[in-house]
Amino acid sequence: MRKSIVISFLLAIPIFPLAQNKIDQTLEKCLNQDNSTAGQRNCIISAQQSWDKELNKYYTSLNQKLNKTAKKELLEAQRNWILFRDSEFKLINKYYFDVKKGTIFQVISENKKLQIIKERALQLKEYDEQFDY
């Protein structure tokens, strides 16, 4: 009995990260409303834009908390990330539009881009929130 309770608890743990933020909730709602490939792609692009706004919000907030030297490091890191992002987006476009064929790959490619932007936004959020600790 105890073993089954522990297993049930462990299986439930991944549910908590699914308590999505507002952007992910909006994306999920949008995706459920429009099943067309174009609609799905538009939903994901909208989420990309929202995550980019979040990224910029946390970058600005963190930048305001840093001393002069750390601000330079943050700027350099962000510039390097932008180079990475642009390069990765080119690869994603090449792979999903030239190598793979079919409209579903447009949705997949936009989702890959979304994950890159979201990950950076969450990194900056974490730095910003932990700054005061």
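Apart from one condition, residue 123 fits all of (1) over 13 Å from the mean Cα position of the chain (by Cα); (2) under 18 Å from residue 66 (Cα atoms); the exception is (1). Going by the structure shown, is residue 47 in contact (Cβ under 8 Å) with a residue 24 or more places away in the chain and assigned to a helix (DSSP H, G or I)? Answer is yes for this residue.
Put simply, of 83, 114 the only residue that is among the hydrophobic types (A, V, I, L, M, F, W, C), without any contact (Cβ under 8 Å) to a residue 24 or more places away in the chain and part of a helix (DSSP H, G or I) is 83. Of all residues in the range 60-86, those satisfying the criterion of being closer than 13 Å to residue 117 by Cα and loosely packed, with under 13 Cβ neighbours inside 10 Å are 82, 83, 84, 86.
Applying the condition of being in contact (Cβ under 8 Å) with a residue 24 or more places away in the chain and more than 17 Å from the chain's Cα centre (by Cα) to the range 86-105 and asking which residue is nearest to residue 51 (Cα to Cα) yields 104.
With respect to being hydrophobic (A, V, I, L, M, F, W, C), modelled with pLDDT of 50 or more and surrounded by 10 or more Cβ atoms within 10 Å (Cβ to Cβ), residue 47 fits the description.
The values are calculated or read from the model by the stated rules, or taken from the named source; none is laboratory data. Quick caveat, the model's predicted, so the values are computed rather than measured. Neighbour counts are summed over all protein chains in view; Cβ atoms, including those assigned to glycine, are modelled from backbone coordinates with ideal geometry.
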